[in-house]
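Student: This structure is in structure tokens; I'll ask about it shortly.
Read-outs: derived from the displayed coordinates by stated rules, not from any lab. Quick caveat: nothing in here was measured; it's all calculated off a predicted structure. Glycine gets a Cβ as well: all are built from the backbone with ideal geometry, and neighbour counts include every protein chain shown.
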Amino acid sequence: MSVTVVGSLNEDVLVRVARLPGRGETVVGRGTVLAPGGKGANQAAAAGRLGDGVAMVGRVGDDPAADRQLAALAQAGVDVTAVHRTPGAPTGTATIPVEDDSGENLIVVVPGANAELAPADVDTAAVRDARVVLLQLEVPLATVEAAAAVARGTVVLTPAPPQPLPAELLARVDVLVPNEHELVQLAGAPAGERTPGELAALARTLTAGTVVVTLGARGALLVPAGGPAVLQPPLPVRPVDTTGAGDAFCGALAVALAAGTAPADAVATAATAAALSTSGPGARGALPDAAAVAAARPGLPPAVPLGEAVDPAADRAQPDSADDRGGPR
């Protein structure tokens, strides 16, 4: 198996809005669209579009939404043998208002059957034998820890949505992929704008492994286990909907790493795939295939090596656990 994703499967309810609401505010949307989603399933679908041998481990309900989610993954080329139906629990859902002009979004997730994914479910050959095991935090943390412990290949973790992470789990992660906000929370540092060099310094306080920080419109920051950090600028695109761009990035990154691609080139491939994924609606409306990524790669700006600055605001008083949150978006 090339890539195995352990994570969530949701049915997304997409709502177009003129602008995103503020706290306590009501805005009027224009219709709803049902679409397949869930951070885990989105990453699996992105990987399945780009390479062979992709498997999904997760749980859905015993309802019509489950049929739709399994069919969507199978259509993307993902093996769903290890996705279990869960009587008595609904398939997970996510409600996502999307802003017209910017494509920015808000997401509210109801876990449903995802909360029933157990450590025993990940003790399977699909996890043990994968070249890359891709994890997120929309399923129970104990299950994520169990998958990282079982995996014999490269472990990639997206630390979203936020929750404290045990040091034992971070020690088993080979590639950590937070967004900027998750990185700051994981490091226990105060919120605030930081330069890529300062973010690289924070990343090195978390793990001796590789960290890839997704930065939205600023691109992606590679902080390797050894050597200087590198900033990969994004591919110039006009986004329609940024929902799932971070998941597209992670799926593409996993496929590239499973193929033996060097980290910097894997990040460049992932950045290209993520940018292309924003050109259509929903988390999977514009997932590119390998040919589309190869065609777009020449338009990607070159990566820039960074000098790393010590972040004077960093608080390193919590080496044993921390928090997180998010996506290249």
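Student: Of all DSSP beta bridges located in segment 63-187, what percent are antiparallel, nearest 5?
Tutor: Just about 40 percent of them are antiparallel.
Student: Between Ala18 and Ala118, what is the label-point separation in nm under the 7 Å Cα-to-beta-carbon projection?
Tutor: Taking the two extended label points, one gets 5.1 nm.
Student: If you take every DSSP beta bridge fully contained in the chain, what fraction is antiparallel? Give it as a percent rounded to 5. Display every interim value, and only then the final one.
Tutor: Numbers: 22 of 54 bridges.
About 40 percent, rounded to the nearest 5.
Student: Report the label-to-label distance for Val27 and Arg204 in nanometres (one decimal), using points 7 Å from each Cα along the Cα→Cβ vector.
Tutor: 4.0 nm
Student: In terms of modelled amide H atoms, which long-range or inter-chain residues lie less than 5 Å from the amide H of Val60?
Tutor: Long-range HN contacts for Val60: His84, Arg85, Thr86.
Student: With Rg/Rh (Cα atoms, Kirkwood Rh) as the read-out, I listed (i) 1.14; (ii) 0.94; (iii) 0.99; which label goes with the value calculated from this structure?
Tutor: Structure-derived value, by its label: (ii).
Student: Relative contact order for segment 1-109: what percent, with Cα pairs under 8 Å and sequence separation of 6 or more?
Tutor: 35 percent
Student: Another question, if that's okay. In terms of the Cα gyration tensor, with a ≥ b ≥ c the square roots of its eigenvalues, is segment 94-141 rounded because a/c is under 1.5, prolate because a/b exceeds b/c, or oblate?
Tutor: On the way: a/c = 4.83, a/b = 2.01, b/c = 2.41.
Here segment 94-141 falls in the oblate category.
Student: Can I ask one more? Could you please rank Val211, Val108, placing first whichever residue has the fewest other Cβ atoms within 10 Å of its Cβ?
Tutor: So the ranking, lowest neighbour count to highest, is Val108, Val211.
Student: Could you check the simple spin-label distance between Gln75 and Arg238, using points 7 Å along Cα→Cβ, in nm with one decimal?
Tutor: Those two pseudo-labels are separated by 2.7 nm.
Student: Taking amide H positions as placed in the peptide plane 1.01 Å from N, state which residues far from Val155 in sequence (5 or more) or on other chains have amide H under 5 Å from it.
Tutor: Sorted by chain and number, the residues that satisfy this are Val133, Asp174, Val175.
Student: Here is a further query. Counting other beta carbons within 10 Å of each Cβ, put Leu50, Leu206, Leu235 in order, fewest first.
Tutor: Exposure proxy ranking, most exposed first: Leu235, Leu206, Leu50.
Student: Kindly put Asp265, Asp247 in sequence by how many other C-beta atoms sit within 10 Å of each C-beta, fewest to most.
Tutor: Result, fewest neighbours first: Asp265, Asp247.
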